[in-house]
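The block underneath contains the structure these notes are about, expressed in structure tokens.
What follows draws every value from the coordinates through simple rules; no lab data is involved. Since this is a predicted model, take the numbers as computed values, not measurements. In this analysis, Cβ positions are derived from the backbone assuming ideal geometry, glycine residues included, and neighbour counts consider all displayed protein chains.
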Amino acid sequence: MHSRALRYIRYIFAVFFFLLISALFLDFRGLVPADMHRAATWLQFGPSLVQFIHFAGLFSAGFLFIAILTLLFGRVYCSAICPLGIFQDILIRIEKWFRKKKILRYRKPGWWRYVFLGMAVLSLLVGFMALFNLLDPFSNFGRIFSSLGKPLAILINNAAAAISEKSGLAVINRYPIKGFDVATLIFPFLVISLLIFLTWKHGRLFCNFICPVGTVLGLFSRFSLFSISLDKTKCNQCGKCAARCKAGCISIKTQEIDHSRCVMCFDCIGPCPEEGVTFGLSSFKRSSQVATGKKASDSRRKFISSAFLLGLAGRLAARENSGDTFERQTLIPEKKASPVSPPGSRSIEQFISTCIACHECVSACPAQVLQPSLLQYGLQGFMQPHMDYHASFCNFECVVCSEVCPTTAIQPITVEEKKKIQLGKAVFIKDNCVVSTFNTACGACSEHCPTKAVNMVPYLDGLRIPEVNQSICIGCGACEHACPTKPYKAIFVEGNPVHLTAATPKEDIIERNVEEEEWAF
């Protein structure tokens, strides 16, 4: 097949998957259906592998399809399906606009890639997902586009809404950005900065040096049925193919291609004036040595186990909530012994051992109550989503997060099941409540409780004060979010390490879906 046709085919698939995956994380209007989330992430190696390990089944075996695809055609996943790989190609293309004559050079295969692979494998084996989550390409792409891309998309939308309002059309709705925390943006910003540096300097170095998925698929691609090869009888060692190789895997000196690092972008085929670079059936007679002359088996023996220590900074900025507050009064901190994990996660232990911190649920959550964690789950759960009730609360009839999770860390649940799941229990701090300290009527927490677990009872001088019935509380956080006191709430949700079943309220449940501007505070 002609080289231009091969590149166009790759472009079509790359554009399709990049736009599809990007839509999952940039969709602030909730337009992407849950079925599309599941279909789009089935072919992502990392999420599929984690789901298969914990919930083996046909619908979690997408990584096996990718492995077979790699055995047939090499690492086409890295150039046409992986969103982070495609994103790097976009960065490389942007860099070429500034330096059109940039020449990429051959790099010797490094053994450090096996160190990072060892970290990822060890992380999966012991259930310490933090290491895997920091290295997985899909997770990194999700964090970048969810934490940095989605707020930017909302800002652009709101700017367009302001312009339309001034023109008298008002056809675009504004959307709020909730739970914005500078500290949770640090890691995605560092990752995208690293990607820009590596791609502009060394092409696809991240894929062949850090990414564990790239390393695993590289081992498969050594034996792929179809591959790119150099015809030594035609090659005049002009170096034009190597200059276009973004993976740095073509050695002109030895006239060899390191197929473990080739990402099948087909950029090297067209520039060859002698048509000495071809794509076709692999010759299994070729030497098993890579371009450095070292045997592949020797490289695979360099599987090094390493310890990984991550230092974390504290939060850099405190959130500012709108509305009236009673900041002078609240002196007693909310001492939460356990965070709140999403509905459908069953338990914190189960959640942090299967969540890859891709933030797909964070992007899909219509209430924006799911926010990236820092140390809420400890170091093991770094960047995994938690329920941030200062930012928002969990809608009573919403199960979107359970529908879009690619690893089933948040397992599918129905709306009726969700209404009975007790994520945590509300705890009342009387000395923080404005009724007790300011002798002022309030009741915001009771008003927004969907199960009437928070009830107002007689207090003093005709005032009423909250009383919590923890047996029927579902831990949705509506009371905590509605509480007007600052910096500490008078009522908060203590998470259940293992989700329980709430008792049925004696009175009928009153469902409310009230917007913030309609609240008393």
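Given the choices [x] 24.2; [y] 25.4; [z] 27.7, mean projected area of the Cα convex hull in nm² derived from the coordinates of this structure is entry [z].
Relative to the longest principal axis of the Cα atoms of the chain, the long axis of helix 45-54 makes an angle of roughly 60 degrees. Taking amide H as placed 1.01 Å from N in the peptide plane, the amide H of SER345 sits under 5 Å from that of GLN411, each at least 5 places away or on another chain.
Between the Cα long axis of helix 212-221 and the first principal axis of the chain there is an angle of about 30°, rounded to the nearest 10. For the stretch 471-497, backbone nitrogen atoms closer than 16 Å to the point 7 Å from THR440 Cα along Cα-to-C-beta are found at 482-491.
With a threshold of 20 Å on the Cα-Cα distance, the over-threshold entries among LYS420/LYS506; LYS336/LYS489; LYS150/LYS486; LYS150/LYS418; LYS150/LYS178; LYS335/LYS425 are LYS150/LYS486; LYS150/LYS418. Using the average count of surrounding beta-carbon atoms within 10 Å as a protection proxy, the listed peptides 33-41, 400-408, 458-466 rank, highest first, as 400-408, 33-41, 458-466. Gain on full extension, evaluated as 0.36 nm per residue between LEU500 and MET36 minus their Cα-Cα distance, stands at 164.0 nm.
Peptides 475-485, 65-75, 430-440 ranked from most to least packed, by the mean per-residue count of other Cβ atoms within 10 Å: 475-485, 65-75, 430-440. Ranked by the mean number of other Cβ atoms within 10 Å of their residues, highest first, the peptides 347-360, 492-505 come out as 347-360, 492-505. Between 0 and 90 degrees, the angle of helix 3-26 with respect to the longest Cα principal axis of the chain falls at about 10 degrees. Bridging of LYS108 to lysines at a Cα separation below 21 Å is possible for LYS201, LYS232, LYS240, LYS246, LYS253, LYS294, LYS295, LYS302, once same-chain residues fewer than 8 apart are set aside.
Net charge of the neighbourhood of GLY85, taken over other residues with C-beta under 12 Å away and scored Lys/Arg +1, Asp/Glu -1, is +3.
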